[in-house]
1. Using a basic spin-label model with each label point 7 Å from the Cα along Cα→Cβ, how many nm lie between A:Arg137 and B:Leu409?
2. Using a 1.4 Å probe, what is the accessible area per residue for the protein assembly as shown, in Å²?
3. Need one value for A:96-108: mean number of C-beta atoms belonging to other chains within 10 Å of its residues' C-beta atoms.
4. Label-point separation (nm) for B:Leu366 and A:Phe54, each offset 7 Å from Cα along Cα-to-Cβ?
5. Just A:Trp97, A:Trp34, A:Trp43 to compare: in a GNM of chain A, with alpha carbon springs under 10 Å, which one fluctuates most?
6. Quick check: at a probe of 1.4 Å, how many percent of the accessible area of the range A:53-144 sits on carbon and sulfur atoms?
7. Going by amide H atoms built from the backbone, whose H comes under 5 Å of the H on A:Leu134, apart from near neighbours?
8. Accessible area of the range B:107-231 with a 1.4 Å probe: how many percent of it is carbon plus sulfur?
Amino acid sequence: MEPQGKDPAGLLGGRLRQAAAIVLLLWAGAAFAWEGWAALTDWRRRGRFAATSFYWRFEVAETMALERCLGRAAQLMPVGCAVAVYDPTQDFFRWRWAAYLLPAYDVVISRDAERAGASFYVSLDQQPPRGQLLMTRPGCQVYRLR
Amino acid sequence: MSARTLAAPLLVAALLALAGGGLVRRQPVSLLQRAVLALLAGIVMLQVALGLGDALGLGWSAAFVAAVLAVGAVSPWLLPRSPAARTAPTVAGSTAAPPGWGDALALVAVAVFAAFAASRWVGNPDFVYHWGLKGHRFLLSHGVDFAYLAKPWNWVIHPDYPNLYPGLLAATAVVAGRWDDHGLLLWSPLLLLAITVSLRETLGAEAVPAFRRHAVVASTALGCAAFGIGHKMAGAADWLPCLALVVALPALVRPPDGAGDLRLGLCAALAAGAKIEGLPLAVSLVLVQLVRHARRRQRPGAGAIAALVLPLALVVGPWVWGVGRHGLFQPDNAGSASVRRLVAVVPAIAQAANTGTWHGLPYLLLLIPLLVATAPRLRAFATVALLQLAFYLWTYAASPLDDVGFLVLTSFPRLLLHLVPATIAAAAIAWLAGPEAESVGSGRGATRDGYEGGARTADLDHLADDGDGDLARRVAADRQPDGGA
């Protein structure tokens with residue numbers, strides 16, 4: 001029975017608004033739970049994360065290996081020089097990751113090595129056609145070009 | 001990763017809020033809202049100071065950054081306070097509201113996002129591709145390195161983009177003592193916290209009843225944190241224009257006045273300094289406010305114009321000057337829109353809005369036209385939001401890139417972040433507040449600046465609320481942390 005003095009329209013409007021707020025909360029809460037759980041699951045499997053460089057992210061094996069390689073290479077190269085990432089496939093995203101990890105250098109993609117006057121090649125998996133080998137580790141070589 | 005580098009963003013944010021506090025101390029808002037506004041003002045002031053340091057050849061050395069932060073933080077306490085500032089009202093509407101379950105859920109959302117950000121697992125690709133790279137490079141070169149930006153192969157790092165965000169990262173790294181992306185990525189959850197706090201205070205001041213306010217605050221934080229985690233948004237610059245629009249909302253809802261002018265001026269400066277897409281947002285904020293002044297037959301004085309435009313000019317001026325002087329403007333930023341492209345863009349936009357990591361929340365933007373039609377107080381906000389959406393549409397339609405669909409899919413989900421939280425807040429003000437809230441600022445019984453009226457209607461809101469309980473019970477419930485009204 002409707003309590004005395006109640007406005008049915010107001011009652012309906014109020015309940016609708018309350019319901020809208022609850023729906024929004026459940027909606028966002030479900031999204032948060034979904035994404036949080038998915039990210040946690042992926043993070044636990046990060047060592048086995050395998051993807052093209054377009055999907056690289058921090059903490060995966062590929063970027064960690066690149067970080068280690070470029071860290072060693074930086075000890076051999078004078079700050080500020082131009083460095084080319086040797087890569088016959090001209091992988092754009094690998095180049096961008098290398099540039100991020102070597103901010104003190106002008107990091108260029110292989111095809112721009114000449115134009116940039118690159119003094120060094122850093123190679124992860126291929127031997128460049130020229131250059132003097134300065135350092136080699138599994139999956140990481142540094143060559144002096146000039 | 002160390003405690004110092006993880007704490008650095010928090011320390012810098014506190015110093016910036018102290019520095020910006022002097023500028024916004026006359027804003028008639030709650031203490032928490034003022035803290036957010038002070039942080040926003042502090043970020044803008046830092047950018048202006050870094051630009052000045054660059055222009056004067058001072059460089060962003062540790063000493064310079066420390067001096068900027070220290071002088072900024074101390075200056076509000078050294079400057080004499082005017083009697084008006086001493087009596088500046090603090091709005092009671094939201095400060096009186098006790099913390100509740102919505103705040104707790106929001107904090108959980110921010111904390112989880114922060115944990116993922118500090119782990120770097122949700123680091124944004126653009127942080128790697130340009131924002132972080134520029135920040136680190138500028139840190140090493142003690143300023144904006146125009147020679148580096150101008151290298152022919154560096155067109156990929158958007159050399160013509162504004163440098164507020166890289167500057168903020170560099171200043172944080174100076175305080176941290178070194179570049180550590182674990183700590184620097186924490187800026188994103190910190191900004192989400194500021195967004196959530198501002199939104200909470202706005203809803204409180206706008207008489208949204210406690211239960212709904214908690215629900216909306218929690219929903220916004222949870223939804224944005226979900227997107228932040230799922231879409232790898234730690235380190236993205238998009239949190240800054242998002243903050244700008246959320247903080248601007250109260251000024252767009254209330255009748256135009258001096259406090260609103262300054263608030264919008266600062267928000268416009270932050271948006272324009274953060275991203276190139278923030279520039280049209282900044283222009284919209286300023287123009288809409290000027291039109292609102294004109295429609296009320298108020299001729300804004302020189303002070304009002306300066307408050308609206310000066311922060312924007314101080315941020316945009318050095319950026320445009322630097323870009324122009326070094327010839328950094330990229331030709332692919334300009335083009336002419338075509339219908340053929342527009343036809344390709346529209347389905348891509350729908351697909352991007354449906355991005356899994358957003359879980360459909362961008363569909364709430366479809367409420368914006370409804371705001372125009374049914375909520376007169378929200379029309380200024382709706383106009384700004386629609387102009388921004390129109391700008392995105394035009395940008396895509398004018399893009400010289402061949403695969404415009406790919407461009408839309410890789411960028412539009414991020415751009416939606418600029419609008420979604422503020423739109424949720426606007427919709428809550430329009431449709432979840434009690435009917436009395438509609439009279440605030442509408443000219444019917446509103447106070448001069450309309451703001452105190454908002455606080456009062458917060459207390460009166462129960463009178464015409466949902467009607468599902470007796471008045472006394474609902475008034476009592478609204479005083480409880482978990483609401484119930």
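The values are calculated or read from the model by the stated rules, or taken from the named source; none is laboratory data. Since the structure is predicted, the reported quantities are computational estimates derived from the model, not experimental observations. Neighbour counts are summed over all protein chains in view; Cβ atoms, including those assigned to glycine, are modelled from backbone coordinates with ideal geometry. Accessible surface areas use protein heavy atoms only, side chains included; no ligands, DNA or RNA. Shrake-Rupley method; radii C 1.70, N 1.55, O 1.52, S 1.80 Å.
1. For A:Arg137 paired with B:Leu409, the spin-label model returns 3.7 nm.
2. Working: 24850 Å² over 631 residues.
Here the residues of the protein assembly as shown average 39 Å² of exposed surface.
3. Details: counts 7, 4, 0, 9, 11, 3, 2, 13, 4, 1, 5, 3, 4.
Mean inter-chain Cβ contacts per residue within 10 Å come to 5.
4. That separation, rounded to one decimal, is 2.9 nm.
5. A:Trp34
6. Working: 2030 of 3990 Å².
Here carbon and sulfur together make up 51 percent of the probe-accessible area.
7. A:Val142, A:Tyr143, A:Arg144
8. Details: 1580 of 2310 Å².
Answer for the range B:107-231: carbon and sulfur cover 68 percent of the accessible area.
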